[in-house]
Amino acid sequence: MTSDALADLSDTLFGVAIAIYALAAVGFCAELAFGRASTRARPHLALVTAGESTVATPAANEGEAPRARPARWGQLGVVLTGIGAVAQTGVLVARSAAAGRVPWGNMYEFATAAVLVGVLAFLFLVIRVPALRRIGVFVLGPTVIGLVLIGMYLYAESGPLVAALRSNWLAVHVSAAIISFGVFIVSGVASALYLVAARRERPASAGASGWADKLPSAEALDRVAHRTAVFGFPIWTFAVIAGAIWAESAWGRFWGWDPKEVWAFISWALYAAYLHARNTAGWRGAPSAWTNLVALGTLVFNLLFVNLVSTGLHSYGGVS
């Protein structure tokens, strides 16, 4: 295939991936909407007489036959997510073949790759812990919205790298940044849902019902947020160090207080603070979850603000 044909294939697969992810989000939404409340919810008790004693047993609600259909919707969502991830991988592979380079030389490619890593991280978690399908709509929903916005506002024609990016460090530094960014997305979603689930589990909320009752427990969500952050943090640390080494090679200094460098360090410090707070009495729970969300916000701010608004040595990665 010619370079133009490969570039067109990449663009087509981008739209296909969005459509498949949208269907997957519908499947996850159906499981969340029609599935039973989480086992952490307190069951309604009914008094049953057994001989001369009276015991309390879980009451069966009318029509509460085992709900296999919602689970099937969730399983379908997982399958569709996997197919969408294959299509999104094709976006990057075809674009790489068309341009003859690694497919993360501009914001469009970086953001697309980071979203793909987030989806793959979610799939890995769901395969290990099927109950996490209940958070699928909160991963795939933002994924669809994010990809639509990426296609609308960050799209760049396939082409050769700008001179500033023609270095072997591109594959090292940017790859590490993409992997950590994608993993941190899942961590941030888990922290946001933890705040919702923790509020629902308070005694004051007993007796109330809603979609939050169908989420995994706050403890499970906090564990997902923490473990994914633990995985992503050393990779982000490596990305910052590799960027400093590349800066010394390209500009003759390891650190120059460039806006992107400053915000990368701020993000690193916040994630370090989150991991510390997560294990510190008095900062566990909501305070650490909010720290995680703020850290993710700084990553998004760094990606968008530095490239679209700010000026600096890293502005070459903008929309072109």
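Scanning the range 125-158 for residues that are surrounded by 14 or more Cβ atoms within 10 Å (Cβ to Cβ) and of a type in the set (Phe, Trp, Tyr), which turns out nearest to LEU303 (Cα to Cα)? This residue is TYR155. Would you please name the residue that is nearest to GLU109 (Cα to Cα), looking only at residues in the range 258-297 that are of a type in the set (Ser, Thr, Tyr) and surrounded by 19 or more Cβ atoms within 10 Å (Cβ to Cβ)? The selected residue is SER267.
Residue by residue, here is whether (1) closer than 27 Å to LEU132 by Cβ; (2) surrounded by fewer than 18 Cβ atoms within 10 Å (Cβ to Cβ); (3) at pLDDT below 90; (4) of a type in the set (A, V, I, L, M, F, W, C) holds:
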site	(1), (2), (3), (4)
ALA19	yes, yes, no, yes
ALA25	yes, no, no, yes
ARG36	yes, yes, yes, no
HIS44	yes, yes, yes, no
THR54	no, yes, yes, no
THR57	no, yes, yes, no
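Checking LEU92, LEU170, LEU132 one by one, the residue that is within 30 Å of ALA212 (Cβ to Cβ) and part of a helix (DSSP H, G or I) is LEU132 and no other.
Evaluate the following for ILE83: is it over 29 Å from ALA247 (Cβ atoms) and either at pLDDT below 95 or of a type in the set (Lys, Arg) (or both)? Taking the combined requirement at face value, the residue does not satisfy it. Kindly provide the set of residues from the range 260-312 that are of a type outside the set (D, E, K, R), touching a helix residue (DSSP H, G or I) at 6+ places or on another chain (Cβ under 7 Å) and modelled with pLDDT under 85, ordered by number. Of everything in the range 260-312, those that are of a type outside the set (D, E, K, R), touching a helix residue (DSSP H, G or I) at 6+ places or on another chain (Cβ under 7 Å) and modelled with pLDDT under 85 turn out to be TRP283, VAL306, ASN307, SER310, GLY312.
In the set LEU221, LEU215, which member is at pLDDT below 90 and under 19 Å from ALA121 (Cα atoms)? The unique qualifying residue is LEU215. When the test is whether a residue is touching a residue at least 60 places away in the same chain (Cβ under 8 Å), closer than 21 Å to LEU293 by Cα and of a type outside the set (Ser, Thr, Tyr), VAL186 passes it. Residue pairs whose Cβ atoms lie under 8 Å apart, sitting 6 or more positions apart in sequence or on different chains, and linking a residue in the range 86-107 that is more than 13 Å from LEU161 (Cα to Cα) to a partner that is among the β-branched types (Val, Ile, Thr) and modelled with pLDDT of 90 or more, are ALA87/VAL16; ALA87/ILE20; GLN88/THR112; GLN88/VAL115; GLN88/VAL119; VAL91/THR112; LEU92/THR112.
Residues are listed down the side, and each one gets a yes or a no for (1) crowded, with 22+ Cβ neighbours inside 10 Å; (2) over 25 Å from GLY146 (Cα atoms); (3) touching a helix residue (DSSP H, G or I) at 6+ places or on another chain (Cβ under 7 Å); (4) of a type in the set (Ser, Thr, Tyr):
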| position | (1), (2), (3), (4) |
| --- | --- |
| TRP169 | no, yes, yes, no |
| HIS173 | no, no, yes, no |
| VAL186 | yes, no, yes, no |
| ALA190 | yes, no, yes, no |
| ASP213 | no, yes, yes, no |
| TRP236 | yes, no, yes, no |
| VAL240 | no, no, yes, no |
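Here GLY63 passes the criteria (1) under 13 Å from PHE34 (Cβ atoms); (2) modelled with pLDDT of 95 or more; (3) of a type outside the set (S, T, N, Q) except the one numbered (2). Out of all the residues in the range 69-122, which are within 24 Å of ARG134 (Cβ to Cβ) and aromatic (Phe, Trp, Tyr)? Within the range 69-122, TRP73, PHE122 qualify. Scanning the range 220-261 for residues that are without any contact (Cβ under 8 Å) to a residue 24 or more places away in the chain, within 19 Å of LEU303 (Cα to Cα) and outside any helix (DSSP H, G or I) yields TRP255, TRP257. Scanning the range 234-271 for residues that are among the hydroxyl-bearing types (Ser, Thr, Tyr) and more than 18 Å from ILE179 (Cα to Cα) gives a single hit, SER249. Taking the numbered list (1) over 26 Å from SER217 (Cα atoms); (2) modelled with pLDDT of 90 or more; (3) buried (at least 20 other Cβ atoms within 10 Å of the Cβ) in turn, ASN106 passes all entries but (2).
Checking every residue in the range 159-166 against the condition of being out of contact with any Phe, Trp or Tyr (no Cβ under 9 Å at 6 or more places or on another chain), assigned to a loop (DSSP other than H, G, I, E, B), free of Cβ contacts under 8 Å to residues at least 12 places away in the same chain and surrounded by fewer than 18 Cβ atoms within 10 Å (Cβ to Cβ) gives at least one match.
The values are calculated or read from the model by the stated rules, or taken from the named source; none is laboratory data. Being a predicted model, the structure only gives us computed values, none of them experimental. Here the Cβ is made from the backbone with ideal geometry for all residues, glycine too, and neighbour counts use every protein chain on show.
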